[in-house]
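Remarks on the structure that follows.
What follows draws every value from the coordinates through simple rules; no lab data is involved. Keep in mind that what you see is a predicted model, and the values were worked out from it rather than measured. Heads up, the Cβs are rebuilt from the backbone with ideal geometry, glycines too, and the neighbour counts pull from every protein chain shown.
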Amino acid sequence: MKVVKTISEVRAQVKDWKKAGLSVGLVPTMGYLHEGHKSLIERACQENDKVVVSIFVNPTQFGPNEDFAAYPRDLERDAALCESVGAALVFHPEPEEMYGEGFHTYVNMEVLSETLCGKTRPIHFRGVCTVVSKLFHIVTPDRAYFGQKDAQQLAIIKRMVRDLNFDIEIVGCPIVREPDGLAKSSRNTYLSPEERKAALILSQAIHLGQELTQNGETDAEKIVQEMKNLIETEPLAKIDYVQAVDAVSMQPVSKMEGAVLVAMAVYIGKTRLIDNFIYES
Ligand code: PAF
């Protein structure tokens, strides 16, 4: 497995693969890889001849008061994981390689990026769409893999691929959880032991929401309210949002009809965690 830092090295390698008729999968990441990323890379390796993992903490998707500088990084460990799972190439560019002098072009999605995380993080999805578009142009994969934990990101990327005619199949992969239920996230490393325990309130609220829908509750506002009530019993938790939205358009719904995403962002101390479930009637 090779680790490269420049766009031209990625292009040269992918060109050789394509000449040989090989299919290419891309797993875009910000590194500090965990079991969730591992499951994406494994799936990509099963479905493609060659897999590229990008590891890039993308500055344009962090707001001014967010954790860009503090975001955990460990290239050596990440590269070892990628190799052990079967990736062929790791692309690890410096910010200057991705955003050269005088960079002014952004991909901005309307509507879908204005709810949920987009409300609290107004430039986040512009940064995600921009960097993912760039990675798509650089790697030109046949398929790209994203986790369902970032459900709004996945819906936005699917929309972007349709809107901008990228000839790429977007594959969404299930949330991977710790044995006690906490969704895997690179940001879990920020949690103190006490906060780590408190963070279980997110998956407990997800479980409650799922149970209510399984018992036939169709009132989305009631489900959301019960989930909020549960989260509020945890003193270290502060709700950013809990909301039910249409799973494709990301617009609020009041009834559990069709495909509904019930998503949440909750601060545990200073750490903002997300979780969700999808209900399909
Ligand atoms: O989900 C992430 O890790 C990032 O948002 C992504 C898709 C790699 C873009 O920087």
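Kindly provide log₁₀ I(q)/I(0) values, in the same order as q = 0.18, 0.31, 0.33, 0.34 Å⁻¹, from the Debye equation applied to equal alpha-carbon scatterers of the range 207-246.
-0.49, -1.11, -1.18, -1.21
If one computes the Cα centroid of the range 52-77 and of the range 1-29, what distance in Å separates the two points?
Rounded to whole Å, the Cα centres lie 21 Å apart.
If the only charges are +1 at each Lys and Arg Cβ and -1 at each Asp and Glu Cβ, what is the size of the charge dipole of the chain around the Cα centre, to the nearest 20 debye?
Details: 31 positive and 39 negative charges, 107 e Å.
My answer is approximately 520 debye.
Averaged over all directions, how much area does the convex hull of the C-alpha atoms of the range 73-216 cover when projected, in nm²?
Mean shadow area of the hull around the Cα atoms is 11.7 nm².
Taking +1 at the Cβ of each Lys and Arg and -1 at the Cβ of each Asp and Glu, which of Met98, Ser192, Cys117 sits farthest along the dipole of the chain towards its positive end, judged by Cα position relative to the Cα centre?
So the residue furthest toward the plus end is Met98.
To one decimal place, what Kirkwood hydrodynamic radius in Å is obtained for the range 90-142 from all pairs of distinct Cα atoms?
Kirkwood radius, the range 90-142: 12.4 Å.
When averaged across all projection directions, what area in nm² does the alpha-carbon convex hull of the range 54-140 cover?
7.0
Based on alpha-carbon atoms only, what is the radius of gyration of the range 160-281 relative to the globular estimate 2.2 N^0.38 Å?
Rounded to two decimals, the normalised Rg is 1.13.
Translational diffusion coefficient, Stokes-Einstein: compute it for the range 1-145 using the Kirkwood radius over C-alpha pairs as Rh, at 4 °C and 1.567 mPa s, and state it as an integer in µm² s⁻¹. If you can, show how the numbers build up before the last one.
Details: Rh = 15.9 Å.
For the chosen part, D equals 82 µm²/s.
For the chain, set up a Gaussian network in which alpha carbons nearer than 10 Å are linked by springs, and say which option among Leu81, Leu230, Leu164 fluctuates the most.
Of the options given, Leu164 has the highest mean-square fluctuation.
Around Val107, what is the net charge, scoring Lys/Arg as +1 and Asp/Glu as -1 over all other residues with Cβ under 12 Å from its Cβ?
Numbers: positive: Arg126, Lys134, Arg159; negative: Glu110, Asp163.
Every neighbour counted, the sum reads +1.
Which distance in Å, rounded to a whole number, links the C-alpha centroids of the range 125-139 and the range 187-221?
About 31 Å separates the Cα centre of the range 125-139 from the one of the range 187-221.
From the mean inverse distance of alpha carbon pairs (Kirkwood) and the Cα radius of gyration, derive Rg over Rh for the chain.
Taking Rh as the inverse mean 1/r over Cα pairs, Rg/Rh reads 0.97.
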